[in-house]
Structures are given as C-alpha cells and as structure tokens.
Amino acid sequence: MLRIPHACLLLTLVVGGFLPVAAADSARLAVEPTTKDIRTGEDPWYIRSTKLPGYATATAHDPRFGEKDLWGSDVKASLFAKQVWPKSRVLVWAKPGTGAKDGWDAKHWLEDGKPATKGIDVDSDLVLPDTGNGYAISLTDGRKYQPAAFRHLTIGANARVIGHFSIRGNVWIKAGGSVMYLDSVVGGGHTFLRNDNLSNGWNNRGLSLVDHFHFKKLADGSTEFIGIFHSEDNWQFHSGLFIVGSGSEIGMGNRTAPKIEKDAAVAILSGSYLSRRTNCDWDTDLTVEGKLLAGLPERPLTSDARLGLGWKSKGALMGTNGGGRIPGPKDMGMIIAAGGSLTVNTSDAAKARLVINCSRRDNDWGQIEIISRGRPLGGDALIAKLKELPRRTDMTILGTITWTGIHLDDFRAGGIQVASAPDLSGKGKGPTFGADNEGKPAGLFVPVK
C-alpha cells in the first residue's frame, strides 16, 4: 500500500491524486508528490488485475466478482457486489476505432450482435470495446447537464467517452480507456466506479472526470470509487453514500469548496485518501453537514486512511483583489457543522487510524494567489514569501466527533475549535498526535468561538 507524507495533501480527482498514510510518520515522503507523479513501486491490485486472462471480457454489467484477483480482497463485503440488477439491453459499439459525435444514435450500436433498432435509454448497458486505434464518442445530445442517459458503462482500451452526462449504474474504465465530463452519479442501488489507469485523461495521474462533479444518489444508494479520480473545479456530495474504496484516491477540485450535505455520507476506507486537488486557502476545504466516516461498521479500517486539508495563510500576505478568492481569518481546513458528524470505525485504533493533516500540494495555489491580487503570474516576489509560510491547518467542530482512532498532524496552536477537548490521557480513548503540530496537544484545542 502506498504511503503518503504527513504533510498536507491534495487529492486529485483524476482518478485521484493521493494516497493515504499507511505507516509511521517517519516513513512519509519529505515532499508531497504532485498530481502528475507516479509513485515509485506503485502497484495497486486493480492495476495488477489488468493482466489476468479474464480481464478483457469482464464488464460493468458483468463484473465477475467471484473471479480470483479480478477484484480486491474485500469485494465480498462491498455493497456493490451484493446488488442484483435486472437484465436489460446491452449495446456494443459497432465500429471500435471509429468515433462519432452523435453516439446516442442507434446506427452506431449492436444489440445481440445485430444492428440496434433504437438508441440508448436510461436502462441501456453500454460497452465500448478495446481497440488498437483511439476513438472518441459523444453521448450527449447538446444539453450540458442532461438526465441519466444510461445504466452501466464499460470503456475499453483506447476508447474515450466525451460530453456531459450522468450515470446511474456501474462505470468501468478499463486500462487505456478514459472519460471526460461525467457530471454526476445518480439513482438508487449500489454501484461502483472503477478506473484502471494510473495515468490518463486531462492529467498525467489518474483520471479527471469533469470540471464540476455532483454525487446525487438516492438515500438508500451508494457508489464505491475504485482507483484515482479528481475534478478540475468542483466536487459536491448531495445525497447517498459515497465510498472511497480501499487504496483509492479522490481529489476534490481546485477552486470551489466541497460540502457533504445533510443527506450525504462519505466513507474513507483502508489505505484510501480524500483531499483537495490543490491547496485552497481562500475558503473552507471541507464542510460536513452530513456524515464523514473512516471505515464502515461492516468494513472497519485495517490500515490508515487519510483526510487531507489545505494549509491556511489566514490572509497573511494578501491584498484586496481576487473576487472572493482571498484568504481570510475565517477560512478553515474543515468545519463539522451542527448536525454533522465524524466517526471512525476501526479494527485497531493504534494501527488503523484516520490521519487528518495538511496538504502540501501547492501546484495551483501560487498562481491562484497571484491572480487574486491582480498580479502577473511570472516573477512575483511574493511567491517566495508564500512558500515560507508554515503549512498549518485547522478545524471547527460544532457537530459530533469520535476522537478514538483519529491521528492529528500539521495543526496550528489553537487551531481546533471544539465545545470540549478530547481525552488527552493517552490511554486509547482520545486522538493521537504527529510530530508537526504547532506545540503540545493540549494547546491545539480551544473553545468554539
């Protein structure tokens, strides 16, 4: 399992961007990798599975969960593996290697080996076969944000799906495949969204789904994201259960602040990483109005998971320009709102923790901070000063939190506002602390203002 530095992190949605801390703090990287880095020795199970004999014929509508090593070791415990889907139309792209701008039209598809008589609909399962020549198809008929257009989607090697669309079933982006503008995940049932590419898409690491991504499953629905994903701007959790699968990474945009709304829950599983794509010091990195979980009751943590928050300059070097993207004293790493909660489900609170620390992914913040002051991107002397600022984060807790199993690092003195401080006796009932906090543990906590 990959190990991430204790430092602040940024998770790219490109099919990712970040990996969780999985061992002692001393084993962390000295510098957080950028979203384009492929880490030395990176060999997740979903990449290894691409070399198996049965991989080529497995699809989103026929995933073959029982086939050895094609899925992770915890697949039997997953919700999506228990989901039973009614049989429906399976449409296969008729001419692999040849793309189309009107991919919704029946003329491009085969059904049961014969030309399809009608185009895709909300119950269709789509398959874009592997091919040696790259091809792109658009599944959007001109409406930027259209309703769910189909159910399951399999994207084979060298195939690319473009055009804004929603999905209500499984998505399997096979090795060499890619997608652009998957706007939202909707509907009921338990689904997966799997990406078998460490590099592809708009970014050189993982997969960028879209600029603005929205998770809108029904209250009884869930989707488990497997692989490395990110968004370019916005990532929002509106409803349903969003699961960051074991060993996976999610990078939540680089501009708009994400929120877990009251009808949504987000679970970070063992070895997984949830963070912003880049540092966001002009707004709160994550607001939790619903539920934030580390592990699930039926799938408790067996190794560290990681939540990365941006470092906060608190407006130390900022001017008055920027149109709302100006760091200020109220910008927080995370706010657990009244009614919101953070809960850790772990098999061993000493060895399988939720590590909350600061993201040092600074690729974009330098440019954004310069722009926010109306200055040119090149040659600004303040870049060096910004780099000298301490990488510290903070959070405000107005809701409920389970401290046992949480490991805190990179927090500023007085940076955790809470109604009452946790147990700091060190007897296993409270959080543990890393080496890069500012001062002693007791000094990190202050009453909510």
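The values are calculated or read from the model by the stated rules, or taken from the named source; none is laboratory data. Note that the structure is a prediction, hence the values are computed from the model and not measured. Positions of Cβ are generated from backbone atoms using ideal geometry, with glycine treated the same way; all protein chains shown enter the neighbour counts.
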Next on the checklist: Pull out all pairs, ordered by first then second residue, where Cβ-Cβ is under 8 Å, the residues are six or more apart or on different chains, the first lies in region 98-127 and is part of a helix (DSSP H, G or I), and the second is among the polar types (S, T, N, Q).
Outcome noted: ALA106/THR117
Checklist outcome for this item: Of the residues in region 269-302, those that are modelled with pLDDT under 95 and either farther than 19 Å from THR343 by Cα or part of a loop (DSSP other than H, G, I, E, B) (or both) number 12
Checklist entry - All but one of (1) at pLDDT 95 or above; (2) crowded, with 18+ Cβ neighbours inside 10 Å hold for ALA338; which doesn't? => result (2)
Checklist entry - Which is of a type in the set (Phe, Trp, Tyr) and in contact with a His (Cβ under 8 Å, 6 or more places away or on another chain), of PHE215, PHE225? => result PHE215
Checklist entry - Taking region 73-105 as the search range and keeping residues that are among the small types (Gly, Ala, Ser) and modelled with pLDDT of 95 or more, which one is nearest to THR140 (Cα to Cα)? => result ALA100
Next on the checklist: Condition check: among the aliphatic types (A, V, I, L, M), within 24 Å of the chain's Cα centre (by Cα), under 27 Å from ASN234 (Cα atoms) and assigned to a loop (DSSP other than H, G, I, E, B). Does ALA149 satisfy that?
Outcome noted: yes
Checklist entry - List, please: which pairs have Cβ atoms under 8 Å, are six or more places apart or on different chains, and start with a residue in region 427-447 that is under 10 Å from ASP409 (Cβ atoms) and hydroxyl-bearing (Ser, Thr, Tyr) and end with one that is modelled with pLDDT of 95 or more and part of a loop (DSSP other than H, G, I, E, B)? => result THR432/ARG353
Item to check | Condition check for GLY142: in a loop (DSSP other than H, G, I, E, B), at pLDDT below 95, farther than 16 Å from ARG89 by Cα and over 19 Å from the mean Cα position of the chain (by Cα) | outcome: yes
Checklist outcome for this item: Of the candidates ILE383, ILE397, the one satisfying the condition of being of a type in the set (Val, Ile, Thr) and modelled with pLDDT of 95 or more is ILE397
Checklist outcome for this item: Here the qualifying pairs (Cβ atoms under 7 Å; residues six or more apart or on different chains; first in region 157-171 and surrounded by fewer than 23 Cβ atoms within 10 Å (Cβ to Cβ); second modelled with pLDDT under 85 and assigned to a strand (DSSP E or B)) come out as HIS164/ASP183; SER166/ASP183
Next on the checklist: Please verify whether LEU307 is assigned to a strand (DSSP E or B) and over 28 Å from ALA60 (Cα atoms), treating the condition exactly as stated.
Outcome noted: yes
Checklist entry - Quick one: is ILE4 modelled with pLDDT under 95, part of a helix (DSSP H, G or I) and surrounded by 14 or more Cβ atoms within 10 Å (Cβ to Cβ)? => result no
Item to check | Among residues of region 114-123, those that are at pLDDT below 95 and of a type outside the set (A, V, I, L, M), counted | outcome: 4
Item to check | Only listed residue being polar (S, T, N, Q), surrounded by fewer than 18 Cβ atoms within 10 Å (Cβ to Cβ) and assigned to a loop (DSSP other than H, G, I, E, B), chosen from THR59, THR50, THR131 | outcome: THR131
